Amino acid sequence: MTFDDIWLSDDEEYKPAITENYGLDDNGPVHVDLLSLKRKHAKQGYLDGISKAKEESLQQGFDEGYPIGARMGARIGEILAQLKILLMQSKISAEDYDSAFHELNIKKVLQTDFFDSKLNMLDEREHPMIRKWMTFCESKRDLQSQL
């Protein structure tokens, strides 16, 4: 094996490697460095486009979801306030209040079970945990009004 082919002689001129353009340029072969630069810019453009789309969708999702979350949070706050009053009046047990407090925790209320495949809330007005504790409060109020 000889190494003569890796050294240029004085009368030879350096010619950079040329490769195919892989669809990035329709004007024939492109220098390797130019191809690398084009790939880098194409990749960066793609990443910028993906980031922009994610930001826009994230904002749209927030804009659509915020009112639903605010209404659910307000309902949960009202339920817990009613339960606290019932607890202070000795109409319910501390265990009932603690159970409601635990079940109405944000992690429980927003479990994936309550969303469809597109991450839309199945029916915010009929959320099982909220409905359960609203019904519980109503039954205690109805019982109190009958007395």
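Derivation of every value follows stated rules applied to the coordinates shown; laboratory data play no part. Quick caveat, the model's predicted, so the values are computed rather than measured.
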TODO: Determine the alpha carbon to alpha carbon distance for each of LYS107/LYS132; LYS52/LYS108; LYS54/LYS107; LYS108/LYS140 and list only those over 28 Å.
DONE: LYS52/LYS108
Task: Interchain or long-range residues, amide H under 5 Å from ILE92's placed H - done: LEU87
Open item on the list: Averaging the inverse of every distinct alpha carbon separation and then flipping it gives the Kirkwood radius. What is it for segment 34-116, in angstrom units?
Closed with: 16.8 Å
